[in-house]
Structures are given as C-alpha cells and as structure tokens.
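One structure below.
The values are calculated or read from the model by the stated rules, or taken from the named source; none is laboratory data. Since the structure is predicted, the reported quantities are computational estimates derived from the model, not experimental observations. Positions of Cβ are generated from backbone atoms using ideal geometry, with glycine treated the same way; all protein chains shown enter the neighbour counts. Only protein heavy atoms, including side chains, enter the accessible area calculation; ligands, DNA and RNA are left aside. Shrake-Rupley method; radii C 1.70, N 1.55, O 1.52, S 1.80 Å.
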Amino acid sequence: MNLHDTYRELEQDARDYADAGRALAVLRRRRAARTGAGAVLAAVAIAGGFGLRHGLTSSSGDTIAAIPTTATATAEPAPPAALPAAGPIGRGAAVYAACRTGCPTLLDLVDGRKYTLGTGTVYPPGNITLSPDGRWLGVPTAGGYELRDLLSDVTHRIPVPPIGSAMSGYSPWAWSDDSARLILGYHADGDVSTYTEVDLTTGRTAAMRVPPGHEPVGILPSGEVILLDETQYGERPRTEVRLRTGATETTFRATGTGVLSDADHGLWVQVSRSRIFLLEYTRDQVAVLEFDPAGRLTSRTPLPEGRYAVGPTPYGYAVLQVPLNQRTGRQQLMSDGRVIHEFPGEAEIVIPGGARH
C-alpha cells in the first residue's frame, strides 16, 4: 500500500470534519502526501501540523503496510472519565485514540491522569491540538473552534467567519513556540479561505493577511511568520524549498543525493524557536535536516529503521518507534534516545505543538 492508497482510504471514512473526503482529495492535488508519523500530526498535524497508520514510510525510504487496525485490538480496558466541562484540569501531555475507528479519544496529562474527549476527534488530521507547553487544548465545535486553558477557567471561542459555510471548518496551522499565538486556517474542500491569528493571552483574534498562493508554516520568536509558496507542493523531485519571512526569501537545500519531496514523499516544513526542520529522503533512509533562518544547515540526523519523524518538542526533536506487532506492542515517543511517552501500538497521536506545520 502506498501513500496515495492511504489517503484514498482516509477519504472514505474520515467524515467528521467538514467534508473531509473532498477536502483530502483537493489537498492531495495541491500537495504530495506527508509521510511517516508526520501524517499523524499533519496534522493532526499538521496537527501541525502536520495519524495515518495504514501506510508509513520507513527510514529505508520504502512504504510499509501496517497491520489493519481494529476497534478492540489495542483499546484500553475501560475509558477514563469524561473531561470536566469547566475548571482547571492539568497540563496536557498528548491526545490520542488507541485505534483508528471506534476507540475513544483520550487526553493524557503530564501527571499521568487521563480523560476522555469523545470519539472521532482525532480524525481527520488537524482537528485537535495542544499548545507546545501543553496548556491549551483546541478542538473544533459546531460554532467554530474552542481553545481551553487546562490550567484555569478560561476558554476562548472563535466563531466561524462571515464567509463560513456548513462545508467549512477550522484547523490549527501553526503555533508560536511560547504558546501565545495560534494561526487557524478556515477551509472547505482543502482550500483555505481565510487565516485567523489568535492571541491566547487575551483571546483576541485578527484576520491574517497572507499573499495569494502562500500559507503560513511557522512563527519565529521575533513574531515574524514564515510563509511557503504553495506552488512548491507537487510530485516532481525537489531538492530545495524557498521560504519567505517578510520581504526576505530564503532557500533551504537538501544534502548530497537526497530530495525534500517527490511523488512518494511530501514536503515537510516545521518551525521551532529559530530552527527550521525539513525531512530529506534518499533511496534507503530518511533524515531530519535542521537549519537556521538564514538557510544554513546546522545538523543532519538520519533516522534508524523503525523510527519516524514527529516534530520538535521542548525535549528535542521527537521520533516515534513503532513496534513490529502493532496489535500487541507499544509505540514509544522518543527524543535524544530517551522515551518521553508511550502509546498503544495502533494509536493515532497528537503531541503538544502538533498542527498542520
């Protein structure tokens, strides 16, 4: 099974967010599918952004078929209590569903407690988000989008824009590293009609002006937003990508014989602090490239077999170790060689900071 087959499957059963099937069809035309555990965030994140477990790209560059998920294979014995409707709860560590369909969506707190958020909130990728510091939980609602402070009584509700329709919805596009700002994209069928910037310290929102054909992919500590020209999505091999900050355009290049995207690997861009991360694909391996904002490569980290890129965290760049037997094993979220969280083997996951980018 390849990534195109994976997304075609997801089109048919991810119906809980606007018209997800048509949205993913358009997204597939606009950009190559993101690979590996990146699809878990992409979302989700995508999610940051930027949970597909039916077709992952291994560190060898080959697409592997995962064991088909079931509703009961890795479901936990009994769902925890529902998340209280109000009041301080505790800092979030992750959101996940133990399987692709039929399992409750759970919020894990850093102190080990769990709460049930409901069902169908993880899919399709990008519905739900946690701020990088785990304080804010973002979920889509019938009236727009809701951002809840898990450490207080504060909840910010973002209504649908005047152009809103029943076939549209919000997705979290990019977080600032200090968790003070979030960019939401309001889209239908994969086409974004407007971006909204949310100030979490005040709850104020503002329409974000984005040049036609561009999308925001990250926020620097200076507050500047990094933009990507969407014409760079596509299936032809790409060894460089141009990112724009204000009036400055910077080119980021692959190393050696690697590519940043092609027909089987989607373009991956993530921003944390003053670092820009891209994935580089060679014939037999995937590597995480780290750049400074000027386009200078600062590190290249090849991923061992069986590990998949997730994204930057306060602990360092996170990868997911997927067990050989997903039905009985445990997924391990790792950074710098240490395990920072574990999940059921077939879980679909959102980590803090997870959005479309």
Convert each backbone phi in the stretch 308-325 into a coupling constant with the Karplus relation 6.51 cos²θ - 1.76 cosθ + 1.60 (shift: θ = phi - 60°), then list the ³J(HN,Hα) values in order as whole Hz, x for Gly and Pro.
10, 5, 10, x, x, 9, x, 8, x, 6, 9, 10, 10, 8, 9, x, 4, 10
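Under the Kirkwood approximation for Rh and a Cα-based Rg, what ratio Rg/Rh is obtained for the stretch 220-299? Can you show the working numbers first?
Numbers: Rg = 12.3 Å, Rh = 12.9 Å.
Over the Cα atoms of the stretch 220-299, Rg/Rh equals 0.95.
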Note to self: C-alpha centroids of the stretch 209-286 and the stretch 159-175 sit apart, in Å, by 24 Å
Per-residue accessible area for R330 at 1.4 Å probe radius, Å² rounded to 10?
110 Å²
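Would you mind getting the accessible area per residue of the stretch 271-357, heavy atoms of the protein chains only, 1.4 Å probe, in Å²?
On a per-residue basis, the stretch 271-357 sits at 41 Å².
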Potential lengthening between A166 and D199 on full extension [0.36 nm per residue; Cα-Cα distance subtracted]
9.3 nm
For G329, enumerate residues with amide H under 5 Å from its amide H, sequence gap 5+ or separate chain, H modeled in the peptide plane.
G345
H214 and A86 label points (each 7 Å along its Cα→Cβ direction) are spaced in nm at 4.2 nm
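For a Förster distance of 51 Å, can you work out the FRET efficiency between the beta-carbons of L324 and R113, rounded to the nearest 0.05?
With R0 = 51 Å, the Cβ-Cβ based efficiency is 0.95.
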Carbon + sulfur, % of accessible area of the stretch 136-209 - ligands and nucleic acids excluded, 1.4 Å:
51 percent
Mean shadow area of the stretch 284-348 over all directions, Cα convex hull, nm²
5.2 nm²
Accessible surface of the stretch 212-357, 1.4 Å probe, proportion on carbon and sulfur as whole %:
48 percent
What is the stretch 101-219's relative contact order, in percent, from Cα pairs under 8 angstrom and six or more apart in sequence?
15 percent
Sorted list, accessible surface of protein heavy atoms, 1.4 Å probe, largest first, for M167, M208 is M167, M208
